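Take a look at the structure set out below.
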Amino acid sequence: MAIPAPNYVQGKYTVAQRDELFDRIREYPEAAGGLVNQVPTLTAEGTIIWRQQSSGGGDGTANANIAVVEDTSTASQAHAVGDLLVFSGQLYRVTEAIDQGDTITPGTNVAPTTVADELNEKIDIPENSGTVGQVLTKTENGSEWADNTGGVTSFNSRTGTVVPQDGDYDADMVGAVPVVGKGINLLDNWYFPNPVNQRDGYVTKPTAQWYTAADTGLTNPLGEIGYWAKVLSTTSTYAVCTTPTGDTTFLVAIGDIVPGYTGAGYGIDRWLSNQGSYQLTADGLVSGADTLWTVQRFEADKIEIGQPYTISIVIDGKLLTKTDVIESTATTITVGSADDGSIALAYSAGWFFQIVTYKSQTIKPPKVEKGSTQTAYTNIGTDANPNWVLADPPPNFAVELAKCQRYQVVYRTDDAMYRRFAFGMWINANSLDVVVHTPVELRANPLVVVNDIIIFNPGPAIATVTWGDSGARSGNAVYINCSSTDSYTAGTMAEICTNNVAGSYLLLDANL
Amino acid sequence: MDFIYNKHYIQTNERGEIVNGFSDAFRQPSEGDICINEQGGYQFRLFPDGEENPPLFDFPSMIPLYKYENGEVKHRTEEELAADRQAWREEQERLAAMPTREDRIEAQVTFTAMMTDTLLPEEDEDDV
C-alpha cells in the first residue's frame, strides 16, 4: 500500500496523522517506497519535508522539518550537522555545518542517506544493538533501546552490560522440561495416599488389646500387643491375628486394626518387603518402629545403560533426591541416612528401587525418572523452612490397577457373599480344569494361592479338590488343574467362587 | 548391595521325577525337599533362565516332564515320556471298557425288575 506522495511534503501533520503515517509505514513496509520515490522528484528550492516531533503547541502540531530541498550546490540557507537535505534527487545528512552560500559537496559536508535508514529511527530498531549475546532493554516507553548504563537495572545481581553466563538459568527458573526424560515416574503404584492394594492387608495397632483365639466374645483382655501384627481374617466384631512367627493366632477387636502390612512378602501391589511394617494412611505409608525394607522390582527394559536417572522421595517432610548416570549394572544411586531413611536404585538379578526406614516415619510418594532433574516435588516454603509438595498429579487409578494386574490378580470377597469368578470342567473323575479370566495378560505363569475357595459342583454340592500350585497363561486367561481323591462325573461343570466369609480369595501371583 | 533372594525347592517321587517345585517366598520347605537354587528370584524356576512356574506335568496325562538325576534337573527323555503316555492310554482304555456307575445301576434295576416281573415294555418308536 502506497502512501499518497503529497502527504510527505510541505504540510503540517497532527499527532494522529503522524502516528497513522508511520504506523502504516511500519505495517506496510512497502509504503516507504512512496517516500523513496518522492525524494528524487523534490526539486523546488525551499520545499520542506515536515514531520511531527512532539505533541506540544497550541494546536498539537509542533512540527520540525525533515529536510529542505536545495536546487543547486550552493546552499540557500544554513544547515546544522545532522540535518537532512535533498539535493539532486538524493537525501543527504549534513556532516559538517553549512552556511548560506557554501557549496554542498557530497562526501565532504554531506553524506548520502536513505529514507529507510531515517525511518529506522521511528520503528525502534536499536541504534546501538550492543554486543553479541548482550541483554538489551528500553530505558523508557517509546525511547530507544539502550545498553550499558540504564540498559538493565539488574540481572542475577549484575548490572550494566549484562551477558548471560553459566548459572543464570536453571530448569526451575524457566520451567523447562528436562532435556533427557519427560518427568515420567517409572515406578508402578507409587501414589501411597491411595495405592492399588489388591491383597487388602490389615495389621493391628500396637496399642490393641489382645485376646485368646477362643475368647470370641472379647471378654478377657490380656494387654497391649506392642507391635503390628498381621490380620488373617475378620468378623464383624473381631480380627484373627498371628504372631510374627505365624505359629500362634489371637484376637483383637475389629476397631483395632488398620490397613497395612507386616513381615516379608508383597504388600500393596508391586511392593515387596523383606522386613518391617507399614500402615496405609492418607498422608502416605507410615513405617513401623523397626526397620522397614521394601522394594519394587523392574522388568528388564525399564532402565537404560548410559542414561541419567533421578530418584526422589519425601520422608518425614525431608526431600531425598539423587541423580547419577547408570554406567552399568554395577551402578547404584542411593541417598539418605539412618536418621532420614534412604532410597536406592540398584541392580541385583534385575533393577529395583528400594525404600528403607529405621524408625516410624511418614513416607510420601517416591519417584524414579529418567533425566537429571527431579520433578517430583516443589518447595512452596522457604529454603530455611521447606515445605515439599508433590508436583505430579495423582495417577489414574484404573491405569495403575491395570499395570499392577499384569503382576497379580486377586479374586476375593469381604462380605457374606459367594462370588463366582470362574468355571471348571471335570476332564475325568479326579481332575478338574479351571480357567480363570484375567483383566490383562499376566507377566508370567502365575503361582496360584488359594484360601477358602468353594467349588459348587454344581451347587449346592461342593467338591473337594487340591489346587494346582501354578497356572499356565493362555492370553487373558489362566488354566489351573485341580485334583481330587473323590470321583466326579467327567464332563460336568463346576462353579468357582469365594466363600461367604471375609478373607476368602484366590490369588494369581506373577510378581517379580 | 544386599538383596532379597529366594530359595527354590523341588519334590520328587520314588522314581526321581519332579512332582512339585516352589519358591520359599510362598512356602517353607519340608524335610526331603531339594534346594536347586539358593539365590533365586521371587518366582520358582526349574532352570536359572527358564520359564517361571513352568508346567511340571504333561497334559492331560499328568505325566511328570522333568526328573532330578545326579544332582541336576533334567528333561525326561522322549522315550521315557512315550512309555508313560502309552501306559496312560492303555489305562484310559481299560477304564473306558469297564462298566460305569450308571451302567451298574441300570443293570441292577433291570435285574430287579426281571425278578419281580415288573420289567417295562420296550418303548414304541411311535410313542416317542
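The values are calculated or read from the model by the stated rules, or taken from the named source; none is laboratory data. All figures in this text were calculated on a predicted structure; none of them were measured in a lab. Heads up, the Cβs are rebuilt from the backbone with ideal geometry, glycines too, and the neighbour counts pull from every protein chain shown. The accessibility values were calculated without ligands, DNA or RNA, using every heavy atom of the protein model including side chains. Shrake-Rupley method; radii C 1.70, N 1.55, O 1.52, S 1.80 Å.
A few comments on the model shown:
- Test for B:TYR9: is it buried (at least 16 other Cβ atoms within 10 Å of the Cβ), within 24 Å of A:VAL450 (Cα to Cα) and away from chain A (no Cβ under 11 Å): yes
- For region A:438-453, the set of residues classified as closer than 19 Å to A:ASN499 by Cα, open to solvent by 20 Å² or more (accessible area, probe 1.4 Å) and of a type outside the set (Asp, Glu) consists of A:VAL449, A:VAL450, A:ASN451, A:ILE453, listed by residue number.
- Count of region B:30-62 residues which are of a type outside the set (Lys, Arg), at negative phi and buried (at least 19 other Cβ atoms within 10 Å of the Cβ): 10
- Pairs, first over 13 Å from A:ALA44 (Cα atoms) in region A:84-105, second in a loop (DSSP other than H, G, I, E, B) and of a type in the set (Asp, Glu), C-beta under 7 Å, six or more apart: A:VAL94/A:ASP83
- Cβ pairs under 8 Å, 6+ apart, first in region A:437-458 and on the phi > 0 side of the Ramachandran plot, second assigned to a loop (DSSP other than H, G, I, E, B) and crowded, with 17+ Cβ neighbours inside 10 Å: A:ASP452/A:ASN499; A:ASP452/A:GLY503
- Some residue of region A:336-354 being within 25 Å of the chain's Cα centre (by Cα), within 16 Å of A:VAL286 (Cβ to Cβ), open to solvent by less than 30 Å² (accessible area, probe 1.4 Å) and away from chain B (no Cβ under 14 Å): yes
- Taking strands (runs of 3 or more DSSP E) as the structural unit, those lying wholly within region A:357-458 and holding at least 2 residues that are within 14 Å of another protein chain (Cβ to nearest Cβ) correspond to A:420-428, A:431-437, A:447-451.
- In this entry, A:PRO386 is excluded by the filter for residues that are more than 17 Å from A:ALA472 (Cα to Cα), of a type outside the set (D, E, K, R), open to solvent by 60 Å² or more (accessible area, probe 1.4 Å) and touching a residue at least 40 places away in the same chain (Cβ under 8 Å).
- Residue in region A:310-328 that is most open to solvent (accessible area, probe 1.4 Å), counting only those that are on the phi < 0 side of the Ramachandran plot and assigned to a loop (DSSP other than H, G, I, E, B): A:GLU327
- Looking only at region B:30-74, and only at residues there that are under 30 Å from A:ALA490 (Cβ atoms) and outside any loop (DSSP other than H, G, I, E, B), the one that is farthest from the other protein chains (Cβ to nearest Cβ): B:LYS67
- Taking the listed residues A:GLY267, A:GLY284, the one that is touching a residue at least 24 places away in the same chain (Cβ under 8 Å), more than 14 Å from every other protein chain (Cβ to nearest Cβ) and open to solvent by less than 10 Å² (accessible area, probe 1.4 Å) is A:GLY284, with no other qualifying.
- Flag for A:GLY246 being open to solvent by 40 Å² or more (accessible area, probe 1.4 Å) and at positive phi: yes
- The set of residues from region B:19-29 being assigned to a loop (DSSP other than H, G, I, E, B) and either open to solvent by 60 Å² or more (accessible area, probe 1.4 Å) or at the interface with chain A (Cβ under 8 Å from one of its Cβ atoms) (or both) comprises B:ALA25, B:PHE26, B:ARG27, B:GLN28.
- With respect to being in a strand (DSSP E or B), aliphatic (A, V, I, L, M) and open to solvent by less than 10 Å² (accessible area, probe 1.4 Å), A:VAL252 fits the description.
- Odd one out for B:PRO99 among (1) in a loop (DSSP other than H, G, I, E, B); (2) open to solvent by less than 60 Å² (accessible area, probe 1.4 Å): (2)
- Selected residue (criterion: modelled with the highest pLDDT) from residues of region A:56-77 that are more than 18 Å from A:THR43 (Cα to Cα) and surrounded by 12 or more Cβ atoms within 10 Å (Cβ to Cβ): A:ASN63
- Counted residues, region A:470-512 - those being within 11 Å of chain B (Cβ to nearest Cβ) and touching a Lys or Arg at 6+ places or on another chain (Cβ under 6 Å): 2
- B:ASP24 being acidic (Asp, Glu), within 30 Å of A:GLY267 (Cβ to Cβ) and at pLDDT 90 or above: yes
Condition check ((1) more than 21 Å from the chain's Cα centre (by Cα); (2) at pLDDT 95 or above; (3) within 25 Å of A:TYR407 (Cβ to Cβ)) across all residues:
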residue: B:GLN43; (1), (2), (3): yes, no, yes
residue: B:PRO55; (1), (2), (3): no, no, yes
residue: B:ARG89; (1), (2), (3): no, no, no
residue: B:GLU102; (1), (2), (3): yes, no, no
